[in-house]
């Protein structure tokens, strides 16, 4: 399995979104997936199967494919804007992230397509970018804005804070730096 990174700043996350749209020649599909993924912290397997019916309203209730656990997510204004924009642009689609190609008509976009689009942008920016980068980025941005590891653990639905710390990429160098930042 390839190790992917969290994007460490909101500016970089927005740059990735712009590049995803540019690389797709103006199609916002991959940028919308990127932004919705950061806004909801969903795993790619759950994200790509979402239907418009499921994302109506203020809350999303899903059963995670990986864990089998139920999860409730408040849809923030960014997530709702993506839903509204995609619904207006694609009123006949069933899936929130559906492809229009003749070969895959009526199907959700594939994980492989998303991974390839993210990888290409990551290579342009020298970041190991993949489908887990959305969740890792959400966790990292929460962490860097002072949210507790325990809260981030809950948001990501991890089994322990230790898993969350490793997942978002808190490194030994960052831990070591705290010994020099806080001198008494």
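Which of 171, 164, 40 has the fewest other C-beta atoms within 10 Å, and how do the rest follow up to the most? Display every interim value, and only then the final one.
On the way: 171 10, 164 23, 40 26.
Going from least to most buried by this count: 171, 164, 40.
Hey, fewest Cβ within 10 Å first, where do 100, 120 land in order?
On the way: 100 13, 120 16.
So the residues, fewest neighbours to most, are 100, 120.
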**OP:** Normalising by the residue count of the chain, find the relative contact order in percent from Cα pairs under 8 Å and 6+ residues apart.
**Re:** 27
Subject >> Nearest-ten-degree value, helix 133-144 long axis tilted from longest Cα axis of the chain >> reply: 40
Original post:
If you rank 142, 134 by fewest surrounding Cβ atoms within 10 Å, what's the result?
Top reply: 142, 134
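Going by average Cβ density within 10 Å per residue, which order do the peptides 22-29, 172-179 take, highest to lowest?
Working: 22-29: 13.4, 172-179: 8.6.
Ranking the peptides 22-29, 172-179 by packing returns 22-29, 172-179.
Translational D (Stokes-Einstein, µm²/s) of the range 44-90 at 10 °C and 1.306 mPa s when Rh comes from the Kirkwood sum over C-alpha pairs?
Values: Rh = 11.3 Å.
Taking Rh from Cα pairs, D becomes 140 µm²/s.
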**OP:** Note the angle between two axes, namely the Cα long axis of helix 29-40 and the longest principal axis of the Cα atoms of the chain, as a number of degrees from 0 to 90, rounded to the nearest 10.
**Re:** 50
**OP:** On a 0 to 90° scale, report how tilted helix 77-89 is relative to the longest principal axis of the chain, with both axes built from alpha carbons and the result rounded to the nearest 10.
**Re:** 20
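Every read-out reported here was derived from the displayed coordinates using simple, explicitly stated rules and does not represent laboratory data. Everything numeric in this text was worked out from a predicted model, so none of it was measured. Positions of Cβ are backbone-derived with ideal geometry, glycine not excepted, and every protein chain shown enters the neighbour counts.
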